[in-house]
Each structure stands twice: as C-alpha cells, then as structure tokens.
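Before any comments, here is the structure.
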Amino acid sequence: MNAREAQEHLEPDPASADALVDLSGVVCDDRFGGPHPRSLDRLGPVVEALVRRTGDRRVRVHAVARPDLGGPAGGYPSAEHPRLLADWVGRGLVAEFPDAGGALLELAELTGLPVVSDDGFEEHRELFPWIQGDTGRFLGVRRRSGGGVSVRRRDMGVHAPGARPPRAGEPGPGAPRPLPDGERLPLVRALQRSWRCPRRRCALYGRDRGAPDRVPELRGGRPVCEEHGADLVDEGPRASLVELKLLVDGECVHRFTLDREGAVVVGRAPGEGGIPLHPHLPPDVAARVSRAHLEVTVRDGEALVRNLSAKGTYLRVRGSVDLRRLGGSRPRVLVVNDVVELVSAVALTRGARRYPPEPVRAWQAAARRARGTGAGEAPADGGG
Ligand SMILES: [Zn+2]
C-alpha cells in the first residue's frame, strides 16, 4: 500500500477513527520503507498492520503531524511527497500541531484510542502521568520478517522527568514546559469529568438532568454553567462507552455505541431496545442472521457476549485465526479487536473508542481557535 492508497484511510474526525497516528514519527522512521530520511509511503505498511490488527479493511486513522514535516526538499524520495502532504493538511486529512506529541496525548485521553508512535514522550510525562508504566495505549512499529511492519503494544516504562539528556533545541529538564496551545489541556481535563450545576433548577448540568454529552464552558480554566455563571461541581469521571463495529466481508459498514450498563440483544430484527442489523446488511445476508442472534452486556466498562442463536456464534480472539464456538449460557469477555462472527462474512468487533464524540469535537474547535484558523463558533455537531 503506497501513500495514495493509505490516504483512503485518513480520518479527519478523531471521534470516528480506530487509531491515532504520529505521522511525523512514521514518515521519518527509516527502519523500513526505503533509504530516504522521510517517506509518506511509510504510512501504507502501518495502515496494513492496523488492518490486520483490527480485522477491518477500512480501518480509519487520525494522523497528527508537526508543521515541519513538509518543506520543499525535506529528504523525501520525490517532490510529490511534500505536495501530497500539503494537500492532506489543506483538506483536513492530517492535523498539524507545533506540539504534535501533546495533541496526540490529549486526543488519546479524550477518545481512548491507541497511539501508533515510537516516541518516548519524555517531555510530556509530567503533564500526562498515565504514560508512566503504561503497556496498553501505545503501539510501536516493528519490522516483520516477511516484509512490511506490524504494530505492537509498547511498554512505556517509568522514567524520571529529564532522565534523558535534552536533544538540541529541546527545553532542558529545568526549563518551564509550556502547555500545548495554552488552553487545550484544562479543557481535556474538564471534558473527562461529569459536571453538575449548583443551581438546583438548572436543566443543563447534572447526572440526571441535561444532556450527558454536554460540554462545559471554561472561564479562567474552570468549568462554569453558561446559564447561571456558577462554577460547576465535579461529579466524577465521564461515563465511558463500548463501541461495536459491524463488519461485512471484513469491512466496517456501521458503528454502534453502547453508552449504558446492561444487556442489549443484537440480531436481524431483535425488537424493542435491541440493535437491528438488517438496515446495514444486504437482504440475502441479513436473512442468514437470526432475529435475536446474540446478547452484549456492558458492565464496568467491560463488554460480555453471549450466543442466543441456534446457528451459533463464533469468537476469534484478537490476532488469532481460529474461530471458537461460543458456549450456550456463559458470556465471554470481548476485548478490543476481538471478532465475533454471526454467520459467514458478518461479524461484530469491539472498537477502541471509549468516549462519546462531543468532547473530541469541543477539543477540535478549541484547537482551531488556538491556531486562529477556525470560524470560532464551531458547531458541536462537527458537520460530518
Ligand atoms: Zn446552571
């Protein structure tokens, strides 16, 4: 897969992506993809690795780059590469940030998506302490013996701030670390919490009132109710969700989000409260799926799956090729990228997304304002 083919997998909306990609790191990674210091073609093998990892041939990646990745000469194999990159940035397919690492980490917090990067993020560990000791959120790029690359979970280790000598141009360990784009990090931290307005009659903020996806306004870094001007009260972490992707012939055709605890029946036409698959399947394919085929239960952020169909349901654990028939009554835990096959060519897989899209879109609007490129009053619906 070359750069032009990989372009089809670039997703401007991080809330609709399957992974975040440190594009600067990938493009400059000369361990693979030819001898040149930079090559956009390196994105192709990384996308192929993510296709294998997710089981989704249409896997979507949100790519973040530093503005200095382009440039007229830039060490690319040809002048077409920087031109293509400029085109991607202009069309919003690649997001540029002076502090691309900080932006990636903020997006990782807001979406729950994995980050494809071999960066150690040493200078970000103070602001993002969850990096220390993490073994699940970062995917490193590794050469495969048969050609191409794979993406593997990284052990980020525990590093003291400033343990590595600073490279030229980097602030030293004692230098102040500026907040990325100033306003975004307080917003990220606010978006990860649930908020309640102290006014009892307020209809905007509160666990049992208002819209759960509502994004608070920040004044001086503190979330306030825009109706009453009062400081909002922290009600704890924002509820996470479970994302299911419907795959037909290995391509994602629809995404479902389960945003509350409890059981939901999935099938061709499972009836009230269930998730019907027939609108998303060709009629002949839908006919092979049972009316109520399986049940997914969300509990403490975990997803459990149980077969309900006489035709059976089969599970392929992430990275394996073996299909195992799900036993009758005992539910199985479904982890990200596990594939549940209902009938031949129709499968559900658990996506990586863990949070609703509204916080991510509020973040994007703030980032656009900070860069002075947005309309300022970006609508919360994101406009597709
Ligand atoms: Zn209020």
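The values are calculated or read from the model by the stated rules, or taken from the named source; none is laboratory data. Everything quoted here is computed from the prediction, not taken from an experiment. Using ideal geometry, Cβ is built from the backbone for each residue, glycine included, and neighbour counts are taken over all protein chains shown. Please note that ligands, DNA and RNA were not included when accessible areas were found on the heavy atoms of the full protein model with its side chains. Shrake-Rupley method; radii C 1.70, N 1.55, O 1.52, S 1.80 Å.
What FRET efficiency would be calculated for the residue pair Ser344, Ala79, taking the C-beta separation as r and a Förster radius of 41 Å, to the nearest 0.05? Could you put the intermediate results ahead of the total?
Numbers: r = 47 Å, r/R0 = 1.14.
The value I calculate is 0.30.
Mind telling me which of Leu110, Leu23, Leu218 comes out most flexible in a GNM of the chain, alpha-carbon contacts under 10 Å?
Leu218
If each of Arg325 and Glu235 carries a label point 7 Å out from its Cα toward its Cβ, how far apart are those two points in nm?
Calculated label separation equals 4.6 nm.
Which of Pro216, Pro129, Pro37 ends up with the largest GNM mean-square fluctuation for the chain, with Cα atoms connected below 10 Å?
Maximum fluctuation in the GNM of the chain, among the listed residues, is at Pro129.
Mind checking which of Arg58, Arg193, Arg144 has the largest fluctuation in a GNM of the chain, springs on alpha carbons under 10 Å?
It is Arg144.
Mind ordering 232-243, 350-361 by average Cβ neighbours within 10 Å, highest first? Each step should come with its number before you reach the end.
Numbers: 232-243: 16.3, 350-361: 21.7.
Packing order, densest peptide first, comes out as 350-361, 232-243.
For the stretch 226-384, would you read off the P(r) tail past 22 Å as a percentage of all alpha carbon pairs? Intermediate values should be presented prior to the final figure.
On the way: 6315 of 12561 pairs.
Of all Cα-Cα pairs in the stretch 226-384, 50 percent lie more than 22 Å apart.
Using a 7 Å offset from the Cα along the Cα-to-Cβ direction at both Trp130 and Arg153, what is the distance between the two label points in nm, to one decimal?
1.6
If contacts are Cα pairs under 8 angstrom and at least 6 residues apart, what is the relative contact order of the chain in percent?
Values: 752 pairs, mean separation 53.9, N = 384.
Taking the mean separation of contacting Cα pairs over the length of the chain, I get 14 percent.
Rolling a 1.4 Å sphere over the protein heavy atoms, what is the accessible area per residue of the chain, to the nearest Å²?
Normalised by residue count, the accessible surface of the chain is 48 Å².
With 32 Å as the cut-off, how large is the P(r) tail for the chain, expressed as percent of Cα-Cα pairs? Mind showing how you got there, number by number?
Working: 29108 of 73536 pairs.
Of all Cα-Cα distances in the chain, 40 percent exceed 32 Å.
Could you tell me the relative contact order of the stretch 3-153? Use alpha-carbon pairs under 8 Å, at least six residues apart, and round to a whole percent.
Details: 245 pairs, mean separation 41.8, N = 151.
Answer for the stretch 3-153 is 28 percent.
Quick check: pseudo-label points 7 Å beyond the Cα along Cα→Cβ at Arg222 and Lys311, how many nm apart are they?
With each label point 7 Å from Cα toward Cβ, the separation is 5.8 nm.
Might you list the cysteines of the chain that have no disulfide-compatible partner by the rule of another cysteine's Cβ under 4.7 Å?
Those would be Cys28, Cys252, since no other cysteine Cβ in the chain comes under 4.7 Å of theirs.
Calculate, in nm to one decimal, what Arg57 and Arg199 gain on full extension: separation in residues at 0.36 nm each, minus their alpha carbon distance. Kindly include the intermediate steps, with their values, before the conclusion.
Values: separation 142, 0.36 × 142 = 51.12 nm, distance 4.92 nm.
Gain on extension, Arg57 to Arg199, equals 46.2 nm.
Over all directions, the average projected area of the alpha-carbon convex hull for the stretch 3-153 comes to how many nm²?
Details: hull surface 34.3 nm².
One quarter of the hull surface, i.e. the mean projection, equals 8.6 nm².
Of all DSSP beta bridges in the stretch 3-153, what percent run antiparallel (nearest 5)? The partial results should precede the final answer.
Numbers: 5 of 17 bridges.
The antiparallel fraction comes to roughly 30 percent.
Which residues does a label at His278 reach in the stretch 298-330, if reach means a backbone N under 18 Å from a point 7 Å past the Cα toward the Cβ?
Under cut-off, by backbone N: 309-311.
At R0 = 30 Å, how high is the FRET efficiency between Arg144 and Leu304 if r is their beta carbon distance? Nearest 0.05 is fine. Mind showing how you got there, number by number?
On the way: r = 33 Å, r/R0 = 1.10.
Once the sixth-power term is evaluated, E becomes 0.35.
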